[in-house]
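The values are calculated or read from the model by the stated rules, or taken from the named source; none is laboratory data. What you are looking at is a predicted structure, and each value in this text was computed from that prediction instead of being measured. Here Cβ is always computed from backbone atoms with ideal geometry, including for glycine, and neighbour counts include all displayed protein chains. Ligands, DNA and RNA are excluded from the accessible area calculation, which covers all protein heavy atoms including side chains. Shrake-Rupley method; radii C 1.70, N 1.55, O 1.52, S 1.80 Å.
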Amino acid sequence: MSQNDGTAGTPTETGNDQSADEVRSAPSADEVRSAPSADEVRSAPSADEVRSAHGGVHALEVARAHGVQAMFTLSGAHVFPMYDAAVTAADPMPIIDVRHEPTAVFAAEAVGKLTRTPGLAVLTAGPGVTNGVSPVAQAHFAGSPLVVIGGRAPEARWGMGTLQELDHPPIFETVSTWASTARTVGDIAPTVHEAFTRAGSSHRGPTFVDVPMDEFFNSGPVTAQPGLQRARIEPDPDDLARAGRLLQEARRPVLVLGTDVWADGAEEAAQRFAAETGIPVIANGMGRGILPGGHGQLVTKARSAAFSGADLVVVAGTPLDFRLGYGVFGGKDGATPARVVHLADSPAQLSTHATLAASASGDLTVVLDGILSALQSAPGARPDWTPWLTELQDVVASAAARDVDLLGSQSDPIHPARIYGELLPRLADDAVVIGDGGDFVSFAGKFVEPQRPGGWLDPGPYGCLGAGMGAAMAARITRPSSQVVVLFGDGAAGMSLMDVDTLVRHDLPVVMVVGNNSAWGLEKSPMQMLYGYDVAADLAPNTRYDQVVTALGGGGEMVTDPAEIGPAIDRAFASGVPYLVNVMTDVSAQYPRTTHGV
């Protein structure tokens, strides 16, 4: 999240601090037409009756049909019917209520990332909805399946200036796959079904639906809605053949596996492709873990050498953005740039700015298997990329050897890398590691190589801080037996740490590690480079974020001695509560980067 949320919680913002008469009372008779009684809503109809229920039931049953197992929200009267539907259902749906709406949306987005089916956030009208804009934007850029259902001022009083009256969908149109209003109770189920279908289909992303308050409380006949019926996009066989021919000609190819390979369920196809071809592989985003850390073909640690030396780069399931040099690889000192093949889950995701030698779009399992088949059936000898892979493996080994000193650093103040030196050997194969920060989390990208797919969460290309706490909730709920570790920069921690209260109330133990250098590290160093000074880049020294967590009912401790990092992490894992290890780090130990995203 941006830091422009400093007024959160003021009486006019979310409506939760308004008077009972203004917000928490039941809607007036003018606002709710034919509102059902509790008996009418909750009693089971006979077999001969047409079942009738309020709008919350309509929406919730569609969500269940699409696989939703939990609702993330912050209480508001505009969406009370959603809560009533969840609580009074024969099989009640868990309601995870948070302290600030962005956390609810970040959590639902992370559910989508981890389960590959849309997560659900429910937001009250006006500021409750607009507080979700940045998380929705993150989901848009990351391609995360997500549905946000918002409350809306009553339709019967629209235009009269009712509390928190705002036309929400136009705000979301540029940062979502689809945004709409369900105008009547009869519109709710088909509109919510459309939202889930679009969110869960290629190319995935967030959708938004708001429902007028009076129509949410109104009743109507409930009709069964189907779940997600995913339509698979078939790639053009000629495109696959062209990519196969380029691989046949390549002598130094590299395959990049990105988030959409995981999101599209194509990780097994990617593993087959790697195993059958022997191609060097670089992992990007949630492509991490598709080849487990330490795999002989995983050369992410030799990324620079691979991209500069490649003659063909095949990028699957991720945009050719700033993280991948905008699709330009090699070409230094007069060398010929590498040819580029872009593979995407849908045509609109193919690059329009990069010079492509070939491209293919569609179901990524079919795409990868089709290119592999084209390569294997091509005339002539199969290419042998062993010398090229060996060259990159040597670079990986050299990088790993250099990292040993950093990971075991005894420096005082603590070098951030030492935290990873202690954390990595303590991570189980099925751990979920979440990055929420700038400079400190950049070290995580360098050192953490998951052993399984779906074990890494970061904000994605939008770079939205404050997402980690919601992601931690999602990971604990969807992976109840796994370790869940959130890596916070101290700046990012300040954006969402109050939601430790949510972790405590809902019994969601996670381990939090803060790399606390008392600065906005990602901004401090570049500003000094540009101007010779920095401003607005320092935070209070040695802030006791651990004591914040303890005050909220969790556990924590501050660490200033590198030798104490490991034992503190052990205590965190053993605690059974939300536990924060607050490590004081060296502000001058900056991550060595070659790009700032511009």
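Calculate the translational D of the stretch 41-168 in whole µm² s⁻¹ from Stokes-Einstein, where the hydrodynamic radius comes from the Kirkwood formula applied to all Cα pairs, the temperature is 37 °C and the viscosity 0.692 mPa s.
Values: Rh = 15.3 Å.
D, rounded to a whole number, is 214 µm²/s.
Just order 442-450, 363-371 by mean Cβ neighbour count inside 10 Å, highest at the front, would you? Let's see the in-between values first.
Working: 442-450: 21.0, 363-371: 24.6.
Highest to lowest by the protection proxy: 363-371, 442-450.
In whole Å, what are the extents of the stretch 359-409 along the principal axes defined by its C-alpha atoms, from largest to smallest?
Computed over the Cα atoms, the extents are 49, 29, 14 Å.
Which order do peptides 161-168, 314-321, 236-243, 148-155 fall in by mean Cβ count within 10 Å, highest first?
Details: 161-168: 16.5, 314-321: 24.8, 236-243: 18.5, 148-155: 26.8.
Packing proxy ranking, top to bottom: 148-155, 314-321, 236-243, 161-168.
For the chain, with only Lys/Arg (+1) and Asp/Glu (-1) charged at the beta-carbon, what is the dipole magnitude about the Cα centre, in debye rounded to 20?
Working: 39 positive and 68 negative charges, 292 e Å.
Using Cβ point charges on Lys, Arg, Asp and Glu, the chain gives about 1400 debye.
Give the span of the stretch 465-598's Cα atoms along each principal axis, as three whole-Å numbers ordered largest to smallest.
Result for the stretch 465-598: principal-axis Cα extents of 47, 32, 24 Å.
Ranking request for peptides 570-578, 555-563: highest mean number of other beta-carbon atoms within 10 Å first, then the rest in descending order.
555-563, 570-578
Measuring from the lowest to the highest alpha carbon on each principal axis, how far does the stretch 334-374 reach, largest first, in angstroms?
Extents along the principal axes, in whole Å: 37, 24, 9.
With 16 Å as the cut-off, how large is the P(r) tail for the stretch 465-531, expressed as percent of Cα-Cα pairs?
Values: 1119 of 2211 pairs.
Roughly 51 percent, rounded to a whole number.
What size of dipole, in debye to the nearest 20, comes out for the stretch 213-286 about its Cα centre when the only charges are +1 on Lys and Arg C-beta atoms and -1 on Asp and Glu C-beta atoms?
On the way: 7 positive and 12 negative charges, 91 e Å.
Dipole magnitude for the stretch 213-286 comes out near 440 debye.
Helix 468-478 against the longest principal axis of the chain: what's the angle in degrees, Cα atoms only, rounded to the nearest 10?
80
I want to check the label-to-label distance for residue 384 and residue 245. Put each point 7 Å from Cα in the C-beta direction and report it in nm to one decimal.
Rounded to a tenth, the inter-label distance reads 2.6 nm.
For residue 113, go through the aspartates and glutamates and keep the ones whose alpha-carbon is under 16 Å away, minus same-chain ones fewer than eight residues off.
260, 264, 267, 345, 430, 436, 458
Over the Cα atoms of the stretch 199-279, compute the convex hull volume and normalise it per residue, giving Å³. Could you put the intermediate results ahead of the total?
Details: hull volume 11.2 nm³, N = 81.
Hull volume over Cα atoms, normalised by residue count, gives 138 Å³.
Could you pull the Rg and Dmax for the stretch 254-410, using just the Cα atoms, both in Å?
Cα radius of gyration and Dmax of the stretch 254-410 are 15.6, 57 Å respectively.
Residues with beta-carbon under 11 Å from that of residue 73, excluding residue 73: net charge, scoring Lys, Arg +1 and Asp, Glu -1? Don't skip to the answer; put the middle values down first.
Values: positive: none; negative: 97, 101.
Counting the neighbours of residue 73, the net charge comes to -2.
Consider a paramagnetic label point 7 Å from the Cα of residue 563 along Cα→Cβ; state which residues of the stretch 373-414 have an amide N under 20 Å from it.
405-414
What does the accessible area per residue of the stretch 249-359 come to in Å², with a 1.4 Å probe and no ligands, DNA or RNA counted? Intermediate values should be presented prior to the final figure.
Numbers: 3950 Å² over 111 residues.
Solvent-accessible surface per residue comes out at 36 Å².
Once you put a point 7 Å from the Cα of residue 410 and another 7 Å from the Cα of residue 352, both along the Cβ direction, what distance in nm separates them?
Calculated label separation equals 5.8 nm.
Per DSSP helix of 4 or more residues, -39500 (n - 2.57); summed, then divided by the residues of the chain. What does that give at 222 nm, rounded to the nearest 500? Walk me through the intermediate numbers first.
Working: 23 runs with 220 residues, N = 598.
Computed mean residue ellipticity for the chain: -10500 deg cm²/dmol.
Using a Cα-Cα cut-off of under 24 Å, which lysines could be cross-linked to residue 301, ignoring same-chain neighbours fewer than 8 residues away?
Of all the lysines, those that pass the test against residue 301 - Cα under 24 Å, at least 8 places apart if same chain - are 332, 446.
What distance in nm separates the simple spin-label points at residue 551 and residue 89, each placed 7 Å from Cα in the Cβ direction?
3.7
Using only the Cα atoms of the chain, what semi-axes does the equivalent ellipsoid have when each is the square root of 5 times a gyration tensor eigenvalue? Give whole Å, largest first. Walk me through the numbers on the way to the answer.
On the way: eigenvalues 359, 198, 82 Å².
Listed largest to smallest, the semi-axes of the chain are 42, 31, 20 Å.
Please name whichever of 77, 137, 553 sits farthest to the positive end of the charge dipole of the chain, dipole taken about the Cα centre and charges placed at Cβ: Lys and Arg +1, Asp and Glu -1.
Sorting the options by dipole projection puts first 137.
Using just the C-alpha positions of the stretch 146-225 as equal point scatterers, what log10 of I(q)/I(0) does the Debye formula give at each q in 0.21, 0.22, 0.24 1/Å?
One equal scatterer on each Cα of the stretch 146-225 leads to -0.93, -0.99, -1.11.
Using modelled backbone amide H atoms (1.01 Å from N, in-plane), which distant-in-sequence or interchain residues come within less than 5 Å of residue 456's amide H?
433
Hey, what D do you get for the stretch 376-523 in µm²/s if you plug the Kirkwood alpha-carbon radius into Stokes-Einstein at 4 °C and 1.567 mPa s?
Numbers: Rh = 17.2 Å.
The calculation lands on 75 µm²/s.
Computed FRET efficiency, Cβ-Cβ of residue 397 and residue 160, R0 51 Å: what is it to the nearest 0.05?
So, using R0 = 51 Å, E works out to roughly 0.15.
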